[in-house]
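The values are calculated or read from the model by the stated rules, or taken from the named source; none is laboratory data. Quantities reported herein were computed from a predicted structural model and do not represent experimental measurements. Note that we place each Cβ from the backbone using ideal geometry, even for glycine, and neighbour counts take in every protein chain shown.
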Amino acid sequence: MKKYFLILFLFCFVDALDITQAIHIALQHSSDIKEQEMLKKQGEYLNKANYANLMPSIDAGYTLSYNIPSNSNHYMLNSLNIKFNYNLFNGLKDYYAILQSKQNIKTLQYNLEKTQVDIALKTKSAYISILQSQALLKILEERKKNIELQKNKAQQFVRQGIRAKNESLSMEILLANTILSIKNTELNLKYQKEILKQLLKVEIDFENLEDIQVDIQEDFNTQEIFQNILNQNPQYLALISSLDSAKLQNKSDFGSFLPSLDLSGTKFWYIDGNNVISTSYGLQSQIRLNATWNLFNGLRDSNKYQASKIYTFSLQNKIETFKRNLLLSLEDLIKNLAFAKEQYMININTLEQAEENYKIVNNRYAQGIATYTELIDAELLLNNARTNIAQAKYDFALLVAQIHSLENRIF
């Protein structure tokens with residue numbers, strides 16, 4: 001029933017989609033996430049299997065024997081036996097194996113979280129990139145209309161002999177470049193749409209994507225965010241878990257230097273040719289306590305112990321390198337955020353001036369007062385202001401999404 005409600009939910013909201021709904025759908029349909037969930041379940045079963053090493057093993061056996069030549073049933077002697085074995089001590093290897101399998105489950109959980117946050121980031125990036133391309137495309141379409149009007153005016157002035165033909169040619173070149181920019185933006189938009197469709201695995205009405213809210217004034221504290229990353233980042237935590245597992249393996253390898261102690265027992269029942277059950281034949285029922293201690297095996301245990309010890313050191317160095325790279329990545333993101341914020345604020349402040357300037361110069365050009373270079377410059381200033389605002393707004397959102405991804409924040 002829940003499955004049908006989910007399907008109904010998807011069909012109801014896929015036409016009017018916001019970024020949160022897109023992430024929910026992508027997470028629900030991701031085969032990578034399903035794979036990690038199955039791997040985690042496998043790890044849980046393997047962990048349960050390791051507990052069996054702490055329990056006794058019991059086996060039952062039946063032996064059918066027939067001695068040749070035989071003229072009598074006495075030559076047939078079958079046996080039924082039950083055996084048990086219980087390890088009392090083996091250097092704590094079984095204990096550390098259980099701890100390692102538990103640690104492995106934690107690592108698998110971190111891998112699952114890493115996959116989830118990666119899918120969420122891909123969805124956010126595609127969604128935001130679509131909005132950005134749509135905004136830039138709208139600006140370019142508006143620019144195309146303005147340039148077409150300017151070109152028509154220039155051609156009219158040329159026919160009237162008021163202006164030189166190079167003005168009309170310049171407008172045509174500018175229009176051709178704008179059309180080329182439109183086509184490039186359309187191709188990029190199409191590519192981002194395909195990415196989002198593959199992530200969501202449903203049909204989408206891209207014209208009804210809801211815009212995102214961007215708090216351009218939001219401040220980011222590098223040290224505070226970095227501490228959150230160290231506490232929450234699944235990739236970093238998976239490395240820490242791997243280090244803990246390696247330390248447990250090193251302790252388990254040390255157990256190879258210790259003795260092993262086993263308790264075992266066997267009970268026999270013999271059945272002769274007359275189907276008489278007896279315990280007086282052959283092997284007797286017994287119980288044994290076995291102690292073994294390896295004194296020398298070619299230094300294999302010693303080398304394995306040293307190898308696992310060295311591996312823990314290598315993981316420690318890997319973790320330190322990863323932390324430094326995380327901090328460098330975060331600092332780079334914060335710098336880019338500051339640049340995007342500055343670009344946005346500057347162009348917001350100049351947009352009104354650029355629009356007013358374009359209107360004035362456009363009117364002056366229509367009256368034959370302003371030159372075409374002044375008109376082109378005014379149009380370029382207006383286009384740059386609009387483009388930079390759209391670019392900075394969505395670049396800011398993309399950078400925030402990357403920071404949230406490092407902090408293991410899906411939404």
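Before moving on, here are some points about what is shown:
- So ILE182, is it assigned to a helix (DSSP H, G or I), within 28 Å of ALA26 (Cβ to Cβ), in the same structural domain as LYS318 (by TED's automatic domain parsing) and of a type in the set (Val, Ile, Thr): no
- Pair list, Cβ < 7 Å and 6+ apart or interchain, from segment 257-272 residues that are farther than 30 Å from ASN78 by Cα to residues that are part of a strand (DSSP E or B): PRO259/ALA291; PRO259/THR292; SER260/PHE89; SER260/THR292; LEU261/LEU88; LEU261/PHE89; LEU261/ALA291
- Hits in segment 243-273 - residues which are under 25 Å from LYS309 (Cα atoms), in contact with a helix residue (DSSP H, G or I) (Cβ under 6 Å, 6 or more places away or on another chain) and among the small types (Gly, Ala, Ser): SER245, ALA246, SER252, GLY255, SER256
- Taken over segment 191-210, the criterion of being surrounded by 13 or more Cβ atoms within 10 Å (Cβ to Cβ) and either outside the structural domain of TYR394 (by TED's automatic domain parsing) or free of Cβ contacts under 8 Å to residues at least 12 places away in the same chain (or both) is satisfied by TYR191, LYS197.
- Within segment 292-308, being surrounded by fewer than 16 Cβ atoms within 10 Å (Cβ to Cβ) and of a type outside the set (A, V, I, L, M) holds for THR292, TRP293, ASN294, PHE296, ASN297, GLY298, ARG300, SER302, ASN303, GLN306.
- Any hit, segment 373-385, residues being hydrophobic (A, V, I, L, M, F, W, C) and part of a loop (DSSP other than H, G, I, E, B): no
- Per-region count, segment 348-362, residues under 17 Å from THR373 (Cα atoms) and crowded, with 17+ Cβ neighbours inside 10 Å: 5
- When residues of segment 211-229 are limited to those that are without any contact (Cβ under 8 Å) to a residue 40 or more places away in the chain and farther than 17 Å from ALA390 by Cα, the one surrounded by the most Cβ atoms within 10 Å (Cβ to Cβ): GLN227
- Pick from segment 225-272, criterion basic (Lys, Arg) and not assigned by TED's automatic domain parsing to the domain that holds SER65, ranking: nearest to PHE322 (Cα to Cα): LYS247
- Test result for GLN132, in a helix (DSSP H, G or I) and either in contact with a Ser or Thr (Cβ under 6 Å, 6 or more places away or on another chain) or within 22 Å of TYR365 (Cα to Cα) (or both): no
- The set of residues in segment 337-355 being β-branched (Val, Ile, Thr) and within 30 Å of ILE225 (Cα to Cα) consists of ILE346, ILE348.
- Subset of segment 315-331 (residues that are acidic (Asp, Glu) and loosely packed, with under 12 Cβ neighbours inside 10 Å): GLU320
- When the criteria are applied in full, ILE162 meets the requirement of being outside any helix (DSSP H, G or I), more than 43 Å from the chain's Cα centre (by Cα), in the same structural domain as TYR394 (by TED's automatic domain parsing) and in contact (Cβ under 8 Å) with a residue 12 or more places away in the chain.
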